[in-house]
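The values are calculated or read from the model by the stated rules, or taken from the named source; none is laboratory data. Note that the structure is a prediction, hence the values are computed from the model and not measured. Here the Cβ is made from the backbone with ideal geometry for all residues, glycine too, and neighbour counts use every protein chain on show.
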Amino acid sequence: MVHVHDGEFVRVRVPAYLERSLQIALGGVHAPFFTDHEGAALAVVLRRDEWDRLAPRFTAAEVSGGFRLLSLKRGPDPWLPSSLRQALGERGVAACVLPSFHNDHLLVRDDHVQRCLEVIREILPASAR
């Protein structure tokens, strides 16, 4: 089953020296959001409206917007994220796979959502859509 979340999502890189402040601030954010360490920064993916509340505290952050979040209910195929990443790349769909415990998520540029859904329909069995 594929769910396209409402609203715009952003990807934000916050300098690592602000990690503790960011973790505290993220305590008030409604799910879904994702964090990942990227060298001297912490990358965060969250809804634009959630980031807009936090942004004044993190003026050194780099923000990229215009994304949508798609969630796929995890099925029995443990290789789905890598096969999906490959299939999307072969079809020119820019997407970032964000795995989590129960679901896999895709951060997709807004203008690539429809193409992404087409690829998902091609590679997922009908019962998993």
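Below is a table of values for the structure above.
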quantity: Among residues of region 1-25, those that are part of a strand (DSSP E or B) and over 12 Å from the mean Cα position of the chain (by Cα), counted; calculated: 5
quantity: Subset of region 30-52 (residues that are under 15 Å from the mean Cα position of the chain (by Cα) and aliphatic (A, V, I, L, M)); calculated: Ala31, Leu42, Ala43, Val44, Val45, Leu46
quantity: Selection from region 96-112 of residues that are buried (at least 18 other Cβ atoms within 10 Å of the Cβ) and assigned to a helix (DSSP H, G or I); calculated: His112
quantity: Among (1) over 19 Å from Cys116 (Cα atoms); (2) modelled with pLDDT under 95, the one test that Phe58 misses; calculated: (2)
quantity: Those residues of region 79-93 which are within 19 Å of His3 (Cα to Cα) and at pLDDT below 70, in sequence order; calculated: Leu80
quantity: Matching residues, region 59-72, being out of contact with any helix residue (DSSP H, G or I) (no Cβ under 6 Å at 6 or more places or on another chain) and crowded, with 19+ Cβ neighbours inside 10 Å; calculated: Ala61, Phe67, Leu69, Leu70, Leu72
quantity: Subset of region 1-25 that is of a type outside the set (A, V, I, L, M, F, W, C) and free of Cβ contacts under 8 Å to residues at least 24 places away in the same chain - its residue that is surrounded by the most Cβ atoms within 10 Å (Cβ to Cβ); calculated: Glu19
quantity: Matching residues, region 106-129, being in contact with a Cys (Cβ under 9 Å, 6 or more places away or on another chain) and modelled with pLDDT under 90; calculated: none
quantity: Scan of region 26-44 for residues that are hydrophobic (A, V, I, L, M, F, W, C), in a loop (DSSP other than H, G, I, E, B) and either exposed (fewer than 11 other Cβ atoms within 10 Å of the Cβ) or touching a helix residue (DSSP H, G or I) at 6+ places or on another chain (Cβ under 6 Å) (or both), ordered by number; calculated: Val29, Ala31, Ala40
quantity: Scan of region 45-57 for residues that are more than 23 Å from Val108 (Cα to Cα) and either buried (at least 18 other Cβ atoms within 10 Å of the Cβ) or among the basic types (Lys, Arg) (or both), ordered by number; calculated: Arg57
